[in-house]
Amino acid sequence: MSTLSELKWFKSSFSEASGNACVEVAVHNDTQVAIRHSVYPDRGFSVGRTAFTSFVIAVKFEALSHDTN
């Protein structure tokens, strides 16, 4: 199993442009997705891919439901 520092991290498209307030994710293994805050890169955690996917879908749905355009 790889450590969090060895993973290939991706920043959220909603992250701050300066890179100081970013949510980052990485594929941890076949069943896990790792999540961390760029300010505290050693404090990440992993969740199951199914849970992560459900979370992302819920956030997108919530954002769309508040879109006033």
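Could you sort 48-55, 25-32 so that the peptide with the highest average Cβ count within 10 Å comes first and the rest follow in order?
Values: 48-55: 12.6, 25-32: 14.8.
Sorting 48-55, 25-32 by mean packing, highest first, produces 25-32, 48-55.
In what order, largest first, do Glu6, Glu62 sit by accessible area if the probe radius is 1.4 Å?
Sorted descending by solvent-accessible area, the residues read Glu6, Glu62.
The values are calculated or read from the model by the stated rules, or taken from the named source; none is laboratory data. Keep in mind that this is a model prediction, so the values were computed, not measured. Reconstructed Cβ throughout: ideal geometry from the backbone, glycine too, with neighbour counts over all protein chains shown. Note: accessible area is taken over every heavy atom of the protein model, side chains too, but ligands, DNA and RNA are not part of it. Shrake-Rupley method; radii C 1.70, N 1.55, O 1.52, S 1.80 Å.
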